[in-house]
Amino acid sequence: MTQLETAQHAQPASAVRSHCPECRGRLSVLRVFGGRKASEYWTLQCNRCHSIHLDIIKQPPLVAG
């Protein structure tokens, strides 16, 4: 197992939204990818109105596990 596989994220500093800001429908995660300065970009789609939303989550540094 590589070091990356054994490392774990601590809880995100900010929460990912779970409801659509337009219609209050539930959001499903389409994709999560890394960004700059230990952040992640979460692409979400509403199950009701099908709109797409992008949340930027600031992650604390990786903690070896």
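Only one of these is among the hydrophobic types (A, V, I, L, M, F, W, C), touching a strand residue (DSSP E or B) at 6+ places or on another chain (Cβ under 8 Å) and modelled with pLDDT under 90: ILE52, ILE56. Name it.
Going through ILE52, ILE56 in turn, the sole match is ILE56.
Search the range 16-34 for residues that are under 14 Å from HIS50 (Cβ atoms) and pair each with any residue that is among the aliphatic types (A, V, I, L, M) and part of a strand (DSSP E or B) when their beta-carbon atoms are under 9 Å apart and the residues are at least 6 apart or on different chains.
CYS20/LEU27; CYS20/LEU44; LEU27/LEU44; SER28/LEU44; LEU30/LEU44; LEU30/ILE52
Have a look at ALA15, ALA38 and point out the one that is modelled with pLDDT of 60 or more, surrounded by fewer than 10 Cβ atoms within 10 Å (Cβ to Cβ) and either in contact with a Pro (Cβ under 7 Å, 6 or more places away or on another chain) or among the hydrophobic types (A, V, I, L, M, F, W, C) (or both).
That would be ALA15, the only listed residue that is modelled with pLDDT of 60 or more, surrounded by fewer than 10 Cβ atoms within 10 Å (Cβ to Cβ) and either in contact with a Pro (Cβ under 7 Å, 6 or more places away or on another chain) or among the hydrophobic types (A, V, I, L, M, F, W, C) (or both).
The values are calculated or read from the model by the stated rules, or taken from the named source; none is laboratory data. Values in this document were obtained by computation on a predicted structure and should not be read as measured data. Here Cβ is always computed from backbone atoms with ideal geometry, including for glycine, and neighbour counts include all displayed protein chains.
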